[in-house]
Amino acid sequence: MIAAAAAANATIHVPAIRYLAIMPVIILLGGAVLLLAAQSLVRRPLRLRFATVSTVVISLGAFALAWWQWTDVMDHGPYTTIAHAVVSDGFSVLVTVLVTSAMVLFALVAEGYLAREGIEGSELHVLALVSASGAILMAQANDLVIVFLGLEILSIALYVLTAYNHKRSESGEAGLKYFVLGGFSSAVFVYGIALTYGATGTTNLTQIASFLSRNVLVHDGVLLAGMSLLLVGFAFKVAAVPFHMWTPDVYQGAPSPVTGFMAAVAKAGGFAAFLRVFVSSFGVLRADWRPIVYVLAIVTLLVGAGLAVVQRDIKRMLAYSSINHAGFVLLGLQAASAAGVSAALYYLFAYAFMVIGSFAVVAVIGRSGDMEHDIASYRGLARSQPLFAFAFALLLLAQAGIPFTTGFLTKFQVVVASVDGHSVPLAVVAMGSAALAAFFYLRVTVLMYGPERAAEEVPATATAGGALFAPASELRTRLNAALLLEDVPAAPRVAAAATGRVPVPPLAAVAVGICVLVTVVFGVFPAPLVDFAHKATLLFLP
């Protein structure tokens, strides 16, 4: 009787929800469900144009709501909702704008790729929408459990996207590698959450910061271990050295539009949570984690730039390039200041457009089968397709950091933030790696604007096996060949350049044009984007 009465009087306490805060995520996930339902209710796969238009409309809807959120936050201030597990502030709004913009560009690039490869249906778009919602959720998370939820939503969809092209064995292999290593890193991350909870008694980021500011732990080993495991999980997701091993193989094997999406959205979501957790919640312990991030940034900068120089596959080169860019964003994190977070946000936003535009070009030049990714394939591209080559050159040089592009300002801001944070040696290493990275960007640019060369015979004796006994002149020739200063003596027959004009899908051309426009306009007139990142930072820091 007593138990029955207690059960009758029991009430379920539902937390208050401000739906505006989570509406972009609802739109992306709801749109994905509707697309999937439409696909399941028709006998034939949905037309690519319908899937593309639907995805663009859904993403633009989430984009518009993000600006509504920005107006609300600027007028009424940031707030938390759903039992303080989700936060709506300028930081989350900026990442939402970034992710939804990347989603629109991805849909434009993917249509031409899917049509060329003969892949029908809307599954790619559904998975991308789900993955994008996970990245946004990571930026909005005010609880480590929500961070993990967003991380898994982002990652699981990316595993499938990586292996999406069933016609290429490399795609399935890349998806399997990403899945195995990603699952391991997720386990490490969950263990870090458990240890952090054991040390502080909560997983809420605000409460963790409050606990650490009011208490001094005599025995802080459990907390430091939990913080270290969280750092490992984040470092894997943003491809920081030495947790970068998956990146070159996955970038190379994944469909080219997916690679650009991954480089932009996965990095944005990973760094968003990384910045929020460590700068905001673990800010009191910055003396413990800043030296680790310092070393992490140095090795990431040097390994990314150093190994990119020796790559012949353009996708692997851009993979190591993305590792180098992750090192620059780590400069902003290591500064652990408002200026550092602002510079990191600005870097992520600008890099998203540069990398998506670059991989859009790579997807087109890859031709049918998505296999033509040797750097020699770009030789003489400016002669056959001058506008396309100019756009690619501009995006590559922007990543190198030339003036009057967003690439220059992003590098300048994170270096300044690092110097202001008294990490001058780290800033010097960053500038040195930028100079080294300029080489491989310029190499591709020189190839595109150099003369075209037809396929030609090379001696079969120029093999790797006889390298130790070759004369110095031949070794010098091979070194130049490896750097593409001369033709490559790696096989009996090598085509030094792609012949013929490559057809450019109209929507892919639009996407590349948008990326170039954003890179140049905000490089010449940086104030709106810089102010956007600055205001987002002021609302984010406690």
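Considering only residues that are of a type outside the set (Gly, Ala, Ser) and in contact (Cβ under 8 Å) with a residue 12 or more places away in the chain, look in region 167-180 and name the one that is nearest to Gly118 (Cα to Cα).
Going through the qualifying residues, I end up with Lys167.
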Would you list the helices (runs of 4 or more DSSP H) that sit entirely within region 267-341 and hold 3 or more residues that are of a type in the set (Gly, Ala, Ser) and closer than 30 Å to Tyr378 by Cβ?
286-309, 314-335
Which of the residues spanning region 204-241 are touching an Asp or Glu at 6+ places or on another chain (Cβ under 8 Å) and under 30 Å from Ser322 (Cβ atoms)?
Leu205, Leu224, Met227
Do any residues in region 311-337 that are of a type in the set (Asp, Glu) have Cβ atoms under 9 Å from those of residues that are in a helix (DSSP H, G or I) and buried (at least 24 other Cβ atoms within 10 Å of the Cβ), where the two are at least six apart or on different chains, and which pairs are they?
Asp313/Ala319
Candidate set from region 36-59 (those that are among the β-branched types (Val, Ile, Thr) and closer than 14 Å to Leu124 by Cα); member that is farthest from the chain's Cα centre (by Cα):
Val53
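If I ask for residues that are of a type in the set (Asp, Glu) and crowded, with 24+ Cβ neighbours inside 10 Å, which ones from region 304-337 would you list?
none
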Hey, among Gly121, Gly112, which residue is over 24 Å from Val180 (Cα atoms), more than 15 Å from the chain's Cα centre (by Cα) and part of a helix (DSSP H, G or I)?
Gly112
Taking the conditions exactly as written (small (Gly, Ala, Ser) and at pLDDT below 90), does Ser133 satisfy them or not?
no
In this structure, does Leu230 turn out to be under 21 Å from Ala287 (Cα atoms) and surrounded by 15 or more Cβ atoms within 10 Å (Cβ to Cβ)?
yes
So Glu372 clears everything in (1) within 21 Å of the chain's Cα centre (by Cα); (2) of a type outside the set (Phe, Trp, Tyr); (3) not in a helix (DSSP H, G or I) except one condition, right? Which one?
(1)
Qualifying position, being at pLDDT below 90 and crowded, with 24+ Cβ neighbours inside 10 Å, among Leu381, Leu396, Leu345:
Leu381
Quick check: is even one residue across region 60-71 in contact (Cβ under 8 Å) with a residue 24 or more places away in the chain, over 22 Å from the mean Cα position of the chain (by Cα), in a loop (DSSP other than H, G, I, E, B) and surrounded by fewer than 20 Cβ atoms within 10 Å (Cβ to Cβ)?
no
Report yes if Leu224 is closer than 14 Å to Ser281 by Cα, at pLDDT 90 or above, surrounded by fewer than 21 Cβ atoms within 10 Å (Cβ to Cβ) and more than 23 Å from the chain's Cα centre (by Cα), otherwise no.
yes
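The values are calculated or read from the model by the stated rules, or taken from the named source; none is laboratory data. All figures in this text were calculated on a predicted structure; none of them were measured in a lab. Positions of Cβ are generated from backbone atoms using ideal geometry, with glycine treated the same way; all protein chains shown enter the neighbour counts.
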